[in-house]
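The values are calculated or read from the model by the stated rules, or taken from the named source; none is laboratory data. Computed from a predicted structure; not experimentally measured. Neighbour counts run over all protein chains shown; Cβ positions are idealised from the backbone, glycine included. Surface accessibility is based on the protein's heavy atoms, side chains included, excluding ligands, DNA and RNA. Shrake-Rupley method; radii C 1.70, N 1.55, O 1.52, S 1.80 Å.
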Amino acid sequence: MKQMNQLEAHIGLPLFVRTSKGAVLTPAGESVYRDAAEIIKQSGEAVWRAYKAEKIDQVLIRVGTSVLYPCNVLMELWNKVSSQYLQFKLRVVPFEDTSMENGL
């Protein structure tokens, strides 16, 4: 919550509508989210091209995460050891737990 408040203060716009059930993005928040996702994607592609330019093959490992199945422990560990394994890159992929709601 503190980071969300800091981001809103930095941008100078409300990005979330807070309710007793949680937070929902405002139209400005949705816009920032879409643009940030694109920037993150492009920066990842730029790093990949740099690795390719140096002829270093990098293996991308996608890790699914959700509210019910967070990957925090794995990411904390990866942050400690990733500098030793530059040939690997982890990408966190969010997914919704809708299958759990439907009993699947």
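Can you spot a residue in segment 31-52 that is open to solvent by less than 60 Å² (accessible area, probe 1.4 Å) and over 21 Å from Leu90 (Cα atoms)? For segment 31-52, residues open to solvent by less than 60 Å² (accessible area, probe 1.4 Å) and over 21 Å from Leu90 (Cα atoms): present.
Any residue that is free of Cβ contacts under 8 Å to residues at least 60 places away in the same chain and under 17 Å from the mean Cα position of the chain (by Cα) - is there at least one of those in segment 50-59? No, segment 50-59 has no match at all.
The residue list Glu96, Glu101, Glu45 contains one member that is among the acidic types (Asp, Glu), at pLDDT below 80 and within 30 Å of Leu13 (Cβ to Cβ), which is Glu96.
Considering the conditions (1) under 21 Å from Asp97 (Cβ atoms); (2) more than 19 Å from the chain's Cα centre (by Cα); (3) surrounded by 11 or more Cβ atoms within 10 Å (Cβ to Cβ); (4) of a type outside the set (Lys, Arg), Ser66 is excluded by exactly one of them, (2).
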